[in-house]
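A.B. asks: Here it is, the structure, as structure tokens.
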Amino acid sequence: MRSPSASASSLLLLLFASSVLAAGIPIPSAFLKLDIGADKVLADYRQIRSYFNELDRQSPRVQMVDLGKTTLGEDMFMAVISSEANLTNLTRLKEISRQLSDPRGLSDAQIAALTHEGKAFLLITCNIHSTEIGASQMAMEWAHALATAEDAETKRRLDDVVLLLLPSLNPDGQIMETEWYRKWLGTKYEGGRMPWLYHHYVGHDDNRDWFMLTQKESQVLSHAVYHEWFPQVWLDEHQMGNNGPRIFMPPYSDPVDTDIHPLVWREVNLIGSNMALRLEQAGKTGVIYGYAFDAYWPGGTKNTAWYKNISGLLTEVASAKLASPVFVDPTELGGGRKGLVEYGAQTNFPNPWPGGWWRLRDIMDYERIASDAILETCADRREDMLRDMATRARHSIAAAAPGEAFRIPRAQHDWPTALRLAALLAEHNVELLSDASGDVWVPLAQPYGVFAREMLTAQRYPEVKLVPGPDIVRPYDVAAWSLPLMMGVTVENVVMPAGTRPFTMPAAASPGPSGSATLTPGPESARALNAALKSGGKVTRTFHDGELPLASGTALLDATAAKAAAAALPPGLSLGETPANPGDTQSLTAPRVAIYKPWAASMDEGWTRFLLEQYGFKLTTLDNATIKKGALRTKFDALILPDVTKEVIGTGKPKREEGAMTYFVELPPEYQGGLDKEGAKALKEFVESGGTLVAFSAACDYVIDQFNVPVVNALGRAKPEEFGCPGSLLRASVRPGLELTAGLPNEVALFVDKPIAFQTTPPGSELDRWVLASYPDHPEDVLLSGWIKGEDKLTKKAAAVAVRYGQGWIVLLGFRPQHRAQTNGTFLFVFNALYLSTSRH
């Protein structure tokens with residue numbers, strides 16, 4: 001046993017070593033040779049990563065964790081920051097968090113012991129939206145402070161909390177924005193927007209992907225959170241516009257999803273209140289809560305976490321022009337959003353910012369104070385955070401009736417897509433079972449049972465009113481996210497039988513005997529069909545509206561094509577035998593697909609590009625200049641206009657309402673303009689000479705204006721008070737027997753977020769038209785999930801129309817058939833239109 005003097009000597013030695021180590025760790029500015037936080041200075045993601053590598057090398061309080069690759073191949077990392085003792089004991093601490101996230105089998109005494117032993121896990125994600133760049137810079141300074149601090153309070157916080165810090169949740173976009181900013185620094189375009197998305201595929205929608213998990217970044221972090229680290233608290237740091245409050249933090253505004261455990265909101269409000277207090281104490285004005293951002297909708301990072309028993313918080317700080325300061329005149333400050341109608345002092349906004357200069361350094365300072373405050377609260381309430389996680393998980397388990405489950409039956413219209421739904425739930429760490437018949441079961445008595453129920457049932461948006469009258473609080477984002485409806489999968493809420501076993505994903509079907517084969521139509525079949533079309537083998541398809549051995553739209557593959565298709569079969573899909581008499585067939589070749597890419601960057605264009613690449617279509621993006629050159633038919637069979645307004649397509653500028661601000665921040669000259677008259681002429685020539693033009697949602701208005709077709713948007717002049725549908729799922733009937741509807745069921749759920757519905761009329765002899773899908777006859781039958789106002793205006797109207805125009809086709813889809821790659825149930829509207837472009841009798 002050591003003598004007191006020896007112990008004292010060891011402690012002094014340790015303190016001396018720590019101080020020497022702290023003195024040797026450079027601040028970010030010194031290490032990167034950049035004045036971090038200064039006007040017009042930005043560190044890019046690779047520089048940020050290099051600094052965190054240095055912290056990992058020098059500090060025993062920092063460990064780097066590689067999460068995986070981003071979309072464009074960057075290494076995505078997370079910094080784990082805590083006391084040296086906690087990092088040494090990290091495996092045990094992670095196991096405690098895992099056990100508390102799933103407390104089945106634990107007694108109250110065991111939970112109490114684990115909460116006493118465990119540490120709070122706090123996840124902070126920064127810069128998912130790449131223009132919201134301040135947090136990526138702040139993260140370096142904060143990490144340095146935590147790694148080197150010797151004060152007792154910081155050490156206490158690091159003793160009680162394991163901080164999981166991601167300086168950027170979109171590294172690719174952070175690099176894009178930094179490079180673009182540096183390129184135009186010192187010009188009139190300094191601090192301006194890029195003419196392309198800041199995520200390779202989805203731009204701002206990278207924070208709309210957290211229940212569908214289509215993108216690599218959301219996939220790798222979701223896996224880390226729900227399969228490995230199990231944090232109790234998650235803060236996602238954002239930025240907002242620059243002419244209102246300086247920072248928002250919870251409490252959130254209404255509405256609230258009542259399915260989420262109230263302890264989530266109590267913790268969120270407690271933490272947000274401490275953030276506001278610390279900011280006010282630091283003299284920071286413009287702090288608001290209960291503003292704009294609601295507690296309903298599970299699509300964002302921390303939003304999805306609410307349904308999985310995590311207390312998820314959002315901060316939104318006013319923006320500069322990236323790293324360039326902005327001057328806001330006091331007369332330019334405004335409210336105009338729920339929680340702050342007029343800019344001025346009120347109970348949720350007691351100390352308004354007066355206006356003036358706003359800089360990157362201001363953003364970083366506000367974020368730093370808020371970050372310190374959440375670390376403080378998690379340390380102060382460590383045992384509460386751990387215990388409440390277990391309480392919420394237990395409540396989720398107990399909320400299910402005995403044996404209550406969702407059944408995904410094996411016998412259904414689209415089994416391969418049903419298996420994709422099962423795989424998605426499994427990636428969310430939802431427990432799945434199966435029975436002898438092959439049905440998949442989702443028991444609800446599990447920690448993520450609330451999440452599973454939310455995803456597998458229809459929504460009805462709560463009609464919250466702030467004042468008496470007809471107006472309700474409109475949804476912040478979309479109002480519907482029912483996976484079975486969107487994906488076209490049958491799911492039943494029933495009692496689970498005995499004898500189930502853990503579900504395992506079935507392997508893809510074996511190729512079977514060599515020779516010709518058939519492939520039934522379906523969204524997942526497109527993967528195999530496109531592989532067959534690329535093989536050089538012969539592919540034909542059969543279409544009919546009668547009773548034949550093969551379903552209408554079935555592909556017939558020769559031996560070469562069948563071999564290629566077999567290698568690309570997804571789970572749940574197999575090739576069939578070729579009958580002796582398949583009926584009339586049409587030859588099919590791989591369509592050469594183009595998609596219009598406006599310089600006003602379009603997320604719908606990015607999502608479409610992502611979807612088509614995932615399913616194996618050959619795709620080319622076209623800008624304004626390329627389309628204007630004409631001769632499109634020599635290179636392409638089909639051309640897609642994504643969900644972009646007719647004003648942006650035509651001129652490159654958004655529509656401005658009468659009396660609204662008409663100012664539009666210009667891009668550099670090579671990125672200005674729209675299709676203009678030359679582009680419209682080129683599109684007409686493309687269709688007349690045999691091309692297929694496909695328009696999604698808002699782009700349909702452009703096509704109707706430019707082409708003389710017997711179709712009108714019946715809602716083109718509807719006012720917001722007459723019709724509103726902010727992203728809901730609506731019922732539509734599908735006309736069978738057509739090439740464009742092959743493989744679709746008789747009824748589908750359409751994702752609608754704009755006032756578009758078609759009225760057609762019988763045309764002259766020069767062309768013809770077909771209604772592909774139509775809305776119900778009665779208003780009460782229109783809404784499947786979400787919220788809608790003015791549904792009577794949709795009754796007996798067409799949702800999708802095809803027009804034979806010259807030698808080509810125009811396909812108008814008055815909805816988003818590929819919305820955020822979530823609506824598998826309507827993908828075939830797109831795929832069939834592309835195959836139509838090369839189908840020949």
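A.B. asks: For n ≥ 4 DSSP H runs only, could you compute -39500 (n - 2.57) per run for the chain, divide by its residues and tell me the 222 nm figure to the nearest 500?
C.D. replies: So the calculated ellipticity at 222 nm is -10000 deg cm²/dmol.
A.B. asks: Let me ask another. Once phi is turned into θ = phi - 60°, what whole-Hz ³J(HN,Hα) does the Karplus curve with 6.51, -1.76 and 1.60 give for every residue of segment 392-401, x standing for Gly and Pro?
C.D. replies: 5, 5, 4, 5, 4, 5, 6, 5, 7, 5
A.B. asks: Among the aspartates and glutamates, select those whose C-alpha is under 14 Å from the C-alpha of residue 618, and discard any that sit fewer than 8 residues away in the same chain.
C.D. replies: Output for residue 618: 637.
A.B. asks: Now for a separate question. Over segment 583-631, give the accessible area per residue in Å² for a 1.4 Å probe, as an integer.
C.D. replies: I get 37 Å² per residue for segment 583-631.
A.B. asks: State the extension gain, in nm to one decimal, for the chain segment bounded by residue 188 and residue 635, taking 0.36 nm per residue of separation less the distance between their alpha-carbons.
C.D. replies: Stretched out fully, the residue 188 to residue 635 stretch lengthens by 157.2 nm.
A.B. asks: Here's another thing I want to ask about it. Given all pairs of different Cα atoms, what value in angstroms does the Kirkwood hydrodynamic radius of segment 493-648 take?
C.D. replies: Kirkwood radius, segment 493-648: 18.1 Å.
A.B. asks: Can you compute the equivalent ellipsoid semi-axes for segment 777-828, i.e. the square root of 5 times each eigenvalue of the Cα gyration tensor, sorted largest first and rounded to whole Å?
C.D. replies: Each semi-axis is √(5λ); the values are 25, 17, 8 Å.
A.B. asks: What number comes out for the charge environment of residue 351, summing +1 per Lys or Arg and -1 per Asp or Glu over other residues with Cβ under 9 Å away?
C.D. replies: Around residue 351, the surrounding residues sum to 0.
A.B. asks: What is the calculated FRET efficiency for residue 57 to residue 495, with r their C-beta to C-beta distance and R₀ = 35 Å, to the nearest 0.05?
C.D. replies: Efficiency, from the Cβ-Cβ distance: 0.05.
A.B. asks: Calculate, axis by axis, the spread of Cα positions in segment 116-182 along the three principal axes, and write the results as whole Å, longest axis first.
C.D. replies: 47, 23, 13
A.B. asks: Roughly what % of Cα-Cα distances in segment 612-746 sit above 27 Å, to the whole percent?
C.D. replies: 33
A.B. asks: How large is log10 I(q)/I(0) at q = 0.13 Å⁻¹ when the Debye formula is applied to the Cα atoms of segment 172-326, each weighted equally and without solvent?
C.D. replies: Taken in order of the listed q values, log10 I(q)/I(0) reads -0.72.
A.B. asks: With a Cα-only, solvent-free Debye model of segment 379-456, what are the log10 I(q)/I(0) values at q = 0.17, 0.23 Å⁻¹?
C.D. replies: Log-scaled intensity ratios, in q order: -0.69, -1.04.
A.B. asks: Related question: Too long at a 24 Å Cα-Cα cut-off: which of 465/797; 321/754; 69/119; 653/681; 183/646; 681/754?
C.D. replies: Exceeds cut-off: 465/797; 321/754; 69/119; 183/646; 681/754.
A.B. asks: For the chain, what is the Kirkwood estimate of the hydrodynamic radius, computed as the reciprocal of the mean inverse distance between distinct Cα atoms, to one decimal in Å?
C.D. replies: By the Kirkwood definition, the hydrodynamic radius is 28.9 Å.
A.B. asks: Also, quick follow-up: Which FRET efficiency, nearest 0.05, do residue 395 and residue 30 yield, Cβ-Cβ r, R0 51 Å?
C.D. replies: Once the sixth-power term is evaluated, E becomes 0.55.
A.B. asks: Please work out how much length the chain gains when fully extended from residue 331 to residue 670, using 0.36 nm per residue of separation minus the C-alpha to C-alpha distance, in nm with one decimal.
C.D. replies: 118.6 nm
A.B. asks: Something else now. Karplus couplings for segment 39-51 from phi (6.51 cos²θ - 1.76 cosθ + 1.60, θ = phi - 60°), rounded to Hz, Gly and Pro as x?
C.D. replies: 4, 6, 10, 9, 8, 8, 4, 5, 5, 4, 4, 5, 5
A.B. asks: Bins of 5 Å, beginning at zero and ending with the bin holding the largest distance: percent of Cα pairs per bin for segment 319-470, please.
C.D. replies: Histogramming segment 319-470 at 5 Å steps yields 2, 7, 9, 10, 10, 9, 10, 12, 11, 9, 6, 3, 1, 0 percent.
A.B. asks: Determine the gain in length on full extension of the stretch residue 108-residue 346; use 0.36 nm per residue of separation and subtract their C-alpha separation, reporting nm with one decimal.
C.D. replies: Separation in residues times 0.36 nm, less the Cα-Cα distance, equals 81.3 nm.
A.B. asks: Please compute the alpha carbon radius of gyration of segment 139-221, then divide it by the globular-protein estimate 2.2 N^0.38 Å. Two decimals is fine.
C.D. replies: Ratio of Cα Rg to 2.2 N^0.38 Å: 1.50.
A.B. asks: Mind pulling the per residue volume of the convex hull built on the Cα atoms of segment 212-291? Å³ is fine.
C.D. replies: 143
A.B. asks: Let me ask you something else. Take the alpha-carbon positions of segment 56-127, form their convex hull, and give its projected area averaged over all directions (one quarter of the hull surface) in nm².
C.D. replies: Seen from a random direction, the Cα hull of segment 56-127 projects 6.6 nm² on average.
A.B. asks: For segment 589-669, what is the convex hull (Cα atoms) projected area averaged across all directions, in square nanometres?
C.D. replies: Over every viewing direction, the Cα hull of segment 589-669 projects on average to 6.5 nm².
A.B. asks: Sort out the exposed loop chymotrypsin sites (Phe, Trp or Tyr not before Pro) in the chain (DSSP loop, at most 15 other Cβ within 10 Å) and tell me the longest stretch that has none.
C.D. replies: In short, 1-662.
A.B. asks: What relative contact order, as a whole-number percentage, does the chain give when Cα pairs under 8 Å and 6 or more residues apart are counted?
C.D. replies: Computed value for the chain: 10 percent relative contact order.
A.B. asks: Taking the Cα centre of the chain as origin and charging only Cβ (+1 Lys, Arg; -1 Asp, Glu), how large is the dipole, in debye to the nearest 20?
C.D. replies: Using only the charged Cβ atoms, the result is roughly 1280 debye.
A.B. asks: Divide, for segment 253-316, the radius of gyration over alpha carbons by 2.2 N^0.38 Å, where N is the residue count.
C.D. replies: 1.16
A.B. asks: Assuming a ≥ b ≥ c are the square roots of the Cα gyration tensor eigenvalues, decide whether segment 680-782 counts as rounded (a/c under 1.5), prolate (otherwise, with a/b larger than b/c) or oblate.
C.D. replies: Because a/c hits 1.5 or more and a/b fails to exceed b/c, segment 680-782 counts as oblate.
The values are calculated or read from the model by the stated rules, or taken from the named source; none is laboratory data. Because the structure is a prediction, the values reported are computed rather than measured. Because the Cβ atoms are built from the backbone with ideal geometry, glycine has one as well, and the counts that use them run over all protein chains shown. Ligands, DNA and RNA are excluded from the accessible area calculation, which covers all protein heavy atoms including side chains. Shrake-Rupley method; radii C 1.70, N 1.55, O 1.52, S 1.80 Å.
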